[in-house]
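Novice: First, the structure itself, so that you have it in front of you.
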Amino acid sequence: MGNETIALTHIALYVTDLTRSIPFYRDILHMTVSDPISLKEQSTGLRYGHSLITHGPSVVRNLISRAKPAAYQHMFTDICHCSTADGTVSLILVQQTHPEKGYTRSVTGNTVYGFSCHLSPDIDLDDLAWDMDIADIPFQHGDTGTDGLEYSLNAEHSLFIRDPDGRMIELVPSSKNGEFLTGIKSAFLYVNDIQASKKFYTETCGLTDITPPAIAQKDWKKSIIWMGTPGGTPVLVLYQVMNPDGTRIEAGGYGLDHLGLSGISKGKETISEPGCVTIHPPRNGGFSTYLEDPDGYLIEMRM
């Protein structure tokens, strides 16, 4: 595939309330968070369409919503860019408002279980856990690169906390210097068929199964696969969970807008109009194309 190491560049997450999420990512994770950006203000066409919907008859709204569903959705969408220590936009927070009723949409379903970030070596995990306790933020220690529910003796451990929408965030000690978070590491994705997803990310994106033997696999309960480059750390963690009766917990829903990956070549069956949020600072110029994985998750590739 590509000649460079494949890496996760950013995650675009839906949130239920930007006013609640902004202080978390700014004050707890110490990211630089932009002021909310209204997508309709970024395009003359969206502003005009919003005006038609707001002041025109219902027939106009219905026509626009059917003809351009993605544009219709963006007219009522606000986003924030969250940057790590090096100034790179690693997270995009996406909030949608109901066009008629005015309330923000709740995050539902199983898409992103969570994600992991590199933590500056200057931050002591025990001291950080103490700070989290004082701030009344739930946390737990767990094996690195898992779902945060495993704790094995003699294993490397990370600190796991939850964001305001309940997603697990893994803070992984790293060697890269910075004030707090030094970069994004990997995304944990719910999948419906872990072998089908593994095949897609292997054949289409050039990732490899690098799951270490120490990662606990409980076929009757859950399966975890690390996808990355040989000798590297996971870029994506595929996560398939089972119900007590042995049936799979269905993946999908509303929670992930898209993922950004670098270092992969143009895959097959790219999507020309993905319908996801595409307004964010570009990385190294170029343009983006998009793929859809077996569970419908969108992957942005910077070309």
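The values are calculated or read from the model by the stated rules, or taken from the named source; none is laboratory data. The structure presented is a predicted model; accordingly, all values stated were derived computationally and were not measured. Neighbour counts run over all protein chains shown; Cβ positions are idealised from the backbone, glycine included.
Novice: Just one of (1) crowded, with 17+ Cβ neighbours inside 10 Å; (2) within 16 Å of Leu29 (Cα to Cα) trips up Asp136, so point out which.
Specialist: (1)
Novice: Same structure, new question: Among the residues that make up region 166-174, is at least one of them in contact with a His (Cβ under 8 Å, 6 or more places away or on another chain), among the small types (Gly, Ala, Ser) and in a loop (DSSP other than H, G, I, E, B)?
Specialist: Yes - at least one qualifying residue is present in region 166-174.
Novice: Now for a different question. Just checking, which of Val235, Val241 is surrounded by fewer than 22 Cβ atoms within 10 Å (Cβ to Cβ) and not in a loop (DSSP other than H, G, I, E, B)?
Specialist: Unique residue meeting the criteria: Val241.
Novice: Within region 83-115, count every residue that is polar (S, T, N, Q), in a loop (DSSP other than H, G, I, E, B) and closer than 19 Å to Asp17 by Cβ.
Specialist: Number of matching residues: 2.
Novice: Okay, moving on. Quickly run through region 237-258 and pick out the residues that are at pLDDT below 90 and among the hydroxyl-bearing types (Ser, Thr, Tyr).
Specialist: Hit for region 237-258 is Thr247, nothing else.
Conditions (1) of a type in the set (S, T, N, Q); (2) without any contact (Cβ under 8 Å) to a residue 60 or more places away in the chain, marked per residue:
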{"residue": "Phe115", "(1), (2)": "no, no"}
{"residue": "Ile123", "(1), (2)": "no, yes"}
{"residue": "Asp127", "(1), (2)": "no, yes"}
{"residue": "Asp131", "(1), (2)": "no, yes"}
{"residue": "Thr146", "(1), (2)": "yes, no"}
{"residue": "Glu150", "(1), (2)": "no, no"}
{"residue": "Glu156", "(1), (2)": "no, yes"}
{"residue": "Arg162", "(1), (2)": "no, yes"}
{"residue": "Gly166", "(1), (2)": "no, yes"}
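Novice: Tell me, yes or no, whether region 199-217 has at least one residue that is surrounded by fewer than 21 Cβ atoms within 10 Å (Cβ to Cβ), part of a strand (DSSP E or B) and modelled with pLDDT of 85 or more.
Specialist: Within region 199-217 (the criterion being surrounded by fewer than 21 Cβ atoms within 10 Å (Cβ to Cβ), part of a strand (DSSP E or B) and modelled with pLDDT of 85 or more), the answer is yes, since at least one residue qualifies.
Novice: Six or more apart or on different chains, Cβ under 6 Å: which pairs go from a residue in region 179-208 that's within 24 Å of Tyr254 (Cβ to Cβ) and in contact (Cβ under 8 Å) with a residue 60 or more places away in the chain to one that's of a type in the set (Phe, Trp, Tyr) and not in a loop (DSSP other than H, G, I, E, B)? Could you list them?
Specialist: If the second residue must be of a type in the set (Phe, Trp, Tyr) and not in a loop (DSSP other than H, G, I, E, B), the pairs left are Ala187/Phe115; Phe188/Tyr113; Phe188/Tyr239; Tyr190/Tyr113; Tyr190/Tyr239.
Novice: OK, next. Of the residues Tyr25, Tyr72, Tyr14, which single one is modelled with pLDDT under 80, of a type outside the set (A, V, I, L, M, F, W, C) and surrounded by 13 or more Cβ atoms within 10 Å (Cβ to Cβ)?
Specialist: Of the residues listed, the single one that is modelled with pLDDT under 80, of a type outside the set (A, V, I, L, M, F, W, C) and surrounded by 13 or more Cβ atoms within 10 Å (Cβ to Cβ) is Tyr72.
Novice: Quick check on my filter: what residues within region 112-128 are among the polar types (S, T, N, Q) and crowded, with 22+ Cβ neighbours inside 10 Å?
Specialist: Ser116
Novice: Inspect all residues belonging to region 259-271 and state whether any of them is surrounded by 14 or more Cβ atoms within 10 Å (Cβ to Cβ), within 16 Å of Tyr113 (Cβ to Cβ), at pLDDT 90 or above and of a type outside the set (Gly, Ala, Ser).
Specialist: yes
Novice: Could you grab me the full set of residues in region 87-118 that are out of contact with any Ser or Thr (no Cβ under 6 Å at 6 or more places or on another chain) and closer than 19 Å to Glu170 by Cα?
Specialist: If the condition is that a residue be out of contact with any Ser or Thr (no Cβ under 6 Å at 6 or more places or on another chain) and closer than 19 Å to Glu170 by Cα, then Thr88, Leu91, Ile92, Asn110, Thr111, Val112, Tyr113, Gly114, Phe115, Cys117 are the ones that fit.
Novice: Considering only residues of region 152-165 that are over 20 Å from the mean Cα position of the chain (by Cα) and in a loop (DSSP other than H, G, I, E, B), which is nearest to Leu236 (Cα to Cα)?
Specialist: Here the answer is Glu156.
Novice: Restricting to region 119-151, give me the number of residues that are assigned to a loop (DSSP other than H, G, I, E, B), touching a Ser or Thr at 6+ places or on another chain (Cβ under 9 Å), at negative phi and not β-branched (Val, Ile, Thr).
Specialist: The qualifying residues number 2.
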